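The structure follows.
The values are calculated or read from the model by the stated rules, or taken from the named source; none is laboratory data. Predicted model only: the values in this text are computed from it and were never measured. When we count neighbours, we look across all protein chains shown, and the Cβ atoms used for this are built from the backbone with ideal geometry, even at glycine. Only protein heavy atoms, including side chains, enter the accessible area calculation; ligands, DNA and RNA are left aside. Shrake-Rupley method; radii C 1.70, N 1.55, O 1.52, S 1.80 Å.
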Amino acid sequence: MLSLSQSLDAQLRAAMQRAFPEVDAGLDPQLAPASKPEFGDFQANGALPLAKPLKQAPRQIATAIVEQLQADPAFTDLCLEPQIAGPGFINLTIRPERLAAEVSARLGDERLGVPAVENPAPVVVDFSSPNIAKEMHVGHLRSTIIGDSLARVLEFRGHPVLRLNHVGDWGTQFGMLITHLKQVAPEALDTADAVDLGDLVAFYREAKKRFDDDEAFQSTSREEVVKLQGGDPVSLKAWGLLCDQSRREFQKIYDRLDIRLSERGESFYNPFLPAVIDGLKAAELLVTDDGAQCVFLEGVQGKDGKPLPVIVQKSDGGFNYATTDLAAIRYRFGAAPEGDGARRVVYVTDAGQANHFAGVFQVAKRAGWIPDGARLEHVPFGLVQGEDGKKLKTRAGDTVRLRDLLDEAVERAETDLRSRLKEEERSESEEFIQHVAGTVGLAAVKYADLSQNRITNYQFSFDRMLALQGNTAPYLLYAVVRIAGIARKGGDLAATNAQLQFSEPQEWALVRELLKFDAVIAEVEEELLPNRLCSYLFELSQVFNRFYDQVPVLKADPEALASRLALCRLTADTLRLGLGLLGIATLDRM
């Protein structure tokens, strides 16, 4: 209904201007979807704020607007007669034939009525961001799948999207790791693939233990950091080996989850760090405080009541995360070829980093590094908790490895599937079982996360997320299979615009729900909340179920059959496309 609401909004504005030419201020019809079906499709509340400047009753104002609307042929072609309700609300109902035409147009449209943006603008989405030599854990899950779904929606709308993986591949921990590698596996530096680092996490723990317990090792590690930053070829080779090993492990997870990313680690921005300091000096923002170079934030105070600083160069001359993030902002908004030329930059990280990004964003804005009209946004998310409400951990108290979590989801989905096949006395190939279990298990994990408001914490429960009932991936995947099966059974009955006819309330309810899809996608593009799309898909499946339970489809009269099958087909297509934008693959059979 996005295009219909835009047309209606323009018609209302023109009607208000004709009715009240003396009003200088911008006239806003305050058009919104109707709060209840009995109020029609849309409600315009713009008469109420005009009461004071016009010194008239809102109903009198609404009546004048309606008179002008009804004199407009474009409006009368679009809507039935408007109804004035309450103190001056204007309730508007789209003509049934226009709704049927919209459905018909979507049947032949692979975008299902979602327009591409008129002015696409380059977007950077920064997500996932694991650390080298550390395994991806459940904390990376949220950033990875939320970032991927937002990138998919933005790409679908037509924006060029650069999906960036800002990996932690630089910093003091590498002195420790390189020193350990040189001492325990020196042959790795001379012969290609001479050693498999195996479990990098175990390697990291060994190095960390030595660093904590051995002063000589600690001292050598610090010297190694200086060598690495100075470009020592042996140190760089060891660093590259560690990065490559981690990269291969990360890619296994990304391939499994169908995630596309371009890696650009912290090391990429290393050459740009001195220019950050120079730029802040030129903007007269830099203050020396206890030997460190800082920018004091406006409107943000510490417990002592003094402005909080963002430290951009430590007293020893070293740089930190804030410096790297400022360099990244400059590069991402910078014009090509020295930058990405972005107009919108989105960071998908946990809510615990909100203060860090608020500070960095303020510094970048005050330094003049964000172009006019460009958007810089932090997309925060809460913790993944166990069913006890505490941070999700293994029984041993360790952080849950992402690989293990995905394995368990697929194993549980396979157990459920084999049990169901046994109950139904169905025989399926092993290939079918593995494909369905893999699809359902990974979909369940993704959907359980995306269906939550990302800002809040959520409790992870395999039983809930794998249930065939409720707002879950298995429920929606089964709905797609079932609805597509109904459409197939009905044969390939193409319904043209002239043939589409609906008479039952349940049909019209489904029509209206299907036509909300474009507005939901536009909302996710703007608000960056994937759970809005999840809620819509679940509601659509519920509305379809009520339609199918109460209105005959396959046994419908011949004149109604094609139209009802068209609704089935469009529902299945909408669910498939919506789930695809969430990064969830669908199935033909379950």
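Quick one: work out Rg over Rh on the C-alpha atoms of the chain, Rh as Kirkwood radius. Can you show the working numbers first?
Working: Rg = 28.9 Å, Rh = 27.8 Å.
On the Cα set of the chain, Rg over Rh gives 1.04.
Would you please state the base-10 log of I(q)/I(0) at q = 0.18 1/Å for region 1-59, with intensities from the Debye formula using one equal scatterer on every alpha carbon?
-0.66
Next up: Taking a ≥ b ≥ c as the square roots of the Cα gyration tensor eigenvalues, with a/c under 1.5 meaning rounded and otherwise prolate when a/b beats b/c, else oblate, which class fits region 327-370? Could the numbers behind the result be given before it?
Values: a/c = 2.92, a/b = 1.65, b/c = 1.77.
Since a/c reaches 1.5 but b/c is at least a/b, the shape of region 327-370 is classed as oblate.
Determine how large the accessible area of E97 is when every protein chain is in place; take a 1.4 Å probe and give Å² rounded to the nearest 10.
110
Percent relative contact order of the chain, based on C-alpha pairs within less than 8 angstrom and at least six residues apart? Please report the intermediate quantities before stating the final value.
Details: 858 pairs, mean separation 82.7, N = 590.
With pairs under 8 Å counted, the relative contact order is 14 percent.
Working from Cα positions, state the angle (0 to 90°, nearest 10) between the long axis of helix 273-282 and the longest principal axis of the chain.
Value to nearest ten degrees: 70.
Ignoring any ligand, DNA or RNA, what whole percent of the accessible area of the chain comes from carbon and sulfur when the probe is 1.4 angstrom? Could you put the intermediate results ahead of the total?
On the way: 13770 of 27720 Å².
About 50 percent, which is the carbon plus sulfur part of the accessible surface.
Rounded to a whole number of µm²/s, how large is the Stokes-Einstein D of region 25-99 at 25 °C and 0.890 mPa s, given Rh as the Kirkwood radius over C-alpha pairs?
Numbers: Rh = 12.6 Å.
It comes out at roughly 194 µm²/s.
Per DSSP helix of 4 or more residues, -39500 (n - 2.57); summed, then divided by the residues of the chain. What does that give at 222 nm, rounded to the nearest 500? Mind dumping the intermediate values first?
Numbers: 21 runs with 304 residues, N = 590.
One gets -16500 deg cm²/dmol as the mean residue ellipticity at 222 nm.
Suppose a student asked you for the relative contact order of region 64-153, using Cα pairs under 8 Å spaced at least 6 residues apart; what percent would you report?
Numbers: 50 pairs, mean separation 13.0, N = 90.
This gives 14 percent for region 64-153.
Rg and Dmax of region 468-570, using alpha carbons, in Å: what are they?
Cα only, region 468-570: 14.4, 44 Å (Rg, Dmax).
Still on this structure, I have one more. Taking the convex hull of the Cα atoms, report for region 245-377 its projected area averaged over all directions, in nm².
Values: hull surface 41.1 nm².
Answer in nm², one decimal: 10.3.
Taking the full set of protein chains and a 1.4 angstrom probe, give the accessible area of Y458 in square angstrom, rounded to the nearest 10.
The accessible area comes out at roughly 10 Å².
Magnitude of the Cβ-charge dipole of the chain, K/R +1 and D/E -1, about the Cα centre, nearest 20 debye?
On the way: 66 positive and 84 negative charges, 160 e Å.
Value, rounded to 20: 760 debye.
Here is a further query. Given R₀ = 22 Å, what would the calculated FRET efficiency be for R18 paired with A85, taking r from the Cβ atoms and rounding to 0.05? Each step should come with its number before you reach the end.
Values: r = 22 Å, r/R0 = 1.02.
So the FRET efficiency works out to roughly 0.50.
Could I ask something else about it? Which ³J(HN,Hα) values in Hz, rounded to whole numbers, follow from the phi angles of region 104-112 under the Karplus curve 6.51 cos²θ - 1.76 cosθ + 1.60, where θ = phi - 60° and Gly and Pro get x?
So the J values, rounded to whole Hz, are 4, 5, 6, 4, x, 10, 5, 8, 6.
Starting from the amide H of R344, placed 1.01 Å from N in the peptide plane, find each other amide H under 5 Å away whose residue is 5 or more places distant or on another chain.
Under 5 Å from the amide H of R344: V124, R375.
Additional query: What fraction of the DSSP beta bridges in the chain is antiparallel, stated in percent and rounded to the nearest 5? All intermediate terms of the calculation are to be shown ahead of the outcome.
Numbers: 21 of 41 bridges.
The answer is about 50 percent antiparallel.
With each label point set 7 Å from Cα along the Cα-Cβ vector, what nm distance links R418 and E526?
Roughly 5.0 nm, to one decimal.
Let me ask you something else. Excluding ligands, DNA and RNA, what is the solvent-accessible area per residue of the chain at a probe of 1.4 Å, expressed in Å²?
Numbers: 27720 Å² over 590 residues.
Per-residue value: 47 Å².
Also, quick follow-up: So what's region 105-253 giving for Rg/Rh, alpha carbon basis, Kirkwood Rh from the mean inverse pair distance?
Values: Rg = 21.0 Å, Rh = 18.0 Å.
Computed over Cα atoms, the ratio is 1.17.
Also, I was wondering about something else. Keeping all protein chains in position, work out how much accessible area S535 exposes to a 1.4 Å probe, and write it in Å² to the nearest 10.
Near enough 60 Å² of accessible area.
Quick one: angle between helix 505-514 and the longest Cα principal axis of the chain, in degrees between 0 and 90, rounded to 10, please.
Helix 505-514 and the main axis of the chain meet at about 40 degrees.
Under Stokes-Einstein, with the Kirkwood radius over Cα pairs standing in for Rh, what whole-number D in µm²/s applies to region 370-529 at 4 °C and 1.567 mPa s? Display every interim value, and only then the final one.
Values: Rh = 19.5 Å.
Estimated via Stokes-Einstein, D reaches 67 µm²/s.
What FRET efficiency would be calculated for the residue pair L48, R403, taking the C-beta separation as r and a Förster radius of 45 Å, to the nearest 0.05? Intermediate values should be presented prior to the final figure.
Working: r = 56 Å, r/R0 = 1.25.
It comes out at approximately 0.20.
Set the Förster radius R0 to 51 Å, insert the Cβ-Cβ distance between Q301 and R95 as r into 1/(1 + (r/R0)^6), and round the FRET efficiency to 0.05.
0.30
Can you give the alpha-carbon Rg of region 290-329 over 2.2 N^0.38 Å, where N counts its residues? Can you show the working numbers first?
Working: Rg = 11.1 Å, N = 40, 2.2 N^0.38 = 8.9 Å.
So the Cα radius of gyration is 1.25 times the expected 2.2 N^0.38 Å.
Would you kindly state how much longer the chain becomes between N270 and E284 on full extension, computed as 0.36 nm times their sequence separation minus their alpha carbon distance, in nm to one decimal? Mind dumping the intermediate values first?
On the way: separation 14, 0.36 × 14 = 5.04 nm, distance 2.27 nm.
That pair, N270 and E284, stretches by 2.8 nm at full extension.
So, in Å, what gap is there between the alpha-carbon centers of region 244-267 and region 28-105?
52
Nearest 10 degrees, 0 to 90: what angle lies between the long axis of helix 430-450 and the longest principal axis of the chain (Cα atoms)?
For 430-450 against the chain, the angle is about 90 degrees.
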